[in-house]
Amino acid sequence: MVSFFKEKSPAAVFVLVIVSAGVRAFFWKQPPTLITSPSDGLIYYVLNNFSVLSGSVLAILYHIVVVIQALRLNYALNDARMFSKPAYTTALAYVLLTALLPSWNNISSALVINSMLIWLIYRMIRLYNTAHPKTLVYNIGLITGCTVLLYFPSIPLIFVAFFAVAFLRPFRLNEWVILLIGIITPLYFLGGWLYLNDRFTLVTDSFKVFQLTIIRPANLLIIMVTFAFATIAIIAGIFFWQSNSGRMVIQARKVWSILFIMLIVLLPTVYLMSDAWPNALLLATIPAAAFVSNTFFYPKRNIGPALLFWLFVAVIIYVNWFVTKI
């Protein structure tokens, strides 16, 4: 199965759709729902309009969103020459990771925001050799600011944006200022609109979502086993990244470092914001998928990647079919 994704073949896209539908076969029994709340951010007011859709329509829409996100992320990493040859292992890893938890198999604010995050990564990748750095830096800031306003748990992306500019560009103070202006631009216009309509108190009210939160999963053992398995796959991918980094171009090495930082800073968000668990962790599946893809891509023998793939399938089936609540 995994061998289909180690090559750049149109058949891999077809198999990817089959895998996405296969690991979520429980949709026939329990279709996805719409999960969003006002504490998520402005995206709540957009997604709430889709609450009238039926479960079957949401299931189709979910598959479309996940597969498109997987292919876009895969294209971005291949375009940056993150691997020795183009492949679809990143898309496979993303489809599998997003299916791990029952709440992730719903249309949530975090799932939709992942599209913005992938767009942001693609823009960051182009920072290394762009001919128009100021325009690109501003766009990165604008995308980051809009993403944070749409989904509050994505606020660590502000740090990632500054780190990417610092790591991929020679230090120029004006570029840092442009990045900051881009980040605050959507907040400026939103604040102005709220002020003119005597609703500026909504800005101060939104800060209430930032608070330390104690997470009490309904099934702690299953959560620990599931995340331990995902962590092992990610660590293995990091090991393969380090082992093969010497053969990568400089741009690819730096982008890998940015993805690593992104993974680290997105994980603690669930402890710092109310109602962020567990959907906010879905943002971390994007950098995590990049590293897990190494575990599928680099081993010369197919037995290791194949075993990892079927272990993913087994965990997904057990958690989503036999565990009622996480």
- Task: With the checklist (1) open to solvent by 50 Å² or more (accessible area, probe 1.4 Å); (2) under 27 Å from residue 218 (Cβ atoms); (3) in contact with a helix residue (DSSP H, G or I) (Cβ under 7 Å, 6 or more places away or on another chain); (4) of a type in the set (A, V, I, L, M, F, W, C) in hand, flag the one item residue 28 doesn't pass.
- Result: (3)
- Message: Could you check the range 227-240 and list, in sequence order, the residues that are among the β-branched types (Val, Ile, Thr) and in contact with a helix residue (DSSP H, G or I) (Cβ under 6 Å, 6 or more places away or on another chain)?
- Response: 234, 238
- Item | So residue 267, is it at pLDDT 90 or above, surrounded by 14 or more Cβ atoms within 10 Å (Cβ to Cβ) and either under 21 Å from residue 157 (Cα atoms) or of a type in the set (A, V, I, L, M) (or both) | yes
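How many residues, within the range 145-159, are under 13 Å from the mean Cα position of the chain (by Cα), over 24 Å from residue 81 (Cα atoms) and open to solvent by less than 10 Å² (accessible area, probe 1.4 Å)?
Number satisfying all stated conditions: 4.
Scan the range 207-224 for residues that are assigned to a helix (DSSP H, G or I) and touching a residue at least 60 places away in the same chain (Cβ under 8 Å) and jot them down.
208, 209, 222, 223
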- List the pairs whose first member sits in the range 90-101 and is closer than 11 Å to residue 19 by Cα, whose second member is surrounded by fewer than 24 Cβ atoms within 10 Å (Cβ to Cβ) and basic (Lys, Arg), and whose Cβ atoms are under 8 Å apart, counting only residues at least 6 apart or on separate chains? 99/24
- Residues of the range 111-144 being open to solvent by 70 Å² or more (accessible area, probe 1.4 Å), part of a helix (DSSP H, G or I) and not hydrophobic (A, V, I, L, M, F, W, C), in sequence order, are 134, 135, 138
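The values are calculated or read from the model by the stated rules, or taken from the named source; none is laboratory data. Just so you know, these numbers come straight off a predicted model, no measurement behind them. All Cβ positions, glycine included, derive from the backbone under ideal geometry; neighbour counts span all protein chains shown. Surface accessibility is based on the protein's heavy atoms, side chains included, excluding ligands, DNA and RNA. Shrake-Rupley method; radii C 1.70, N 1.55, O 1.52, S 1.80 Å.
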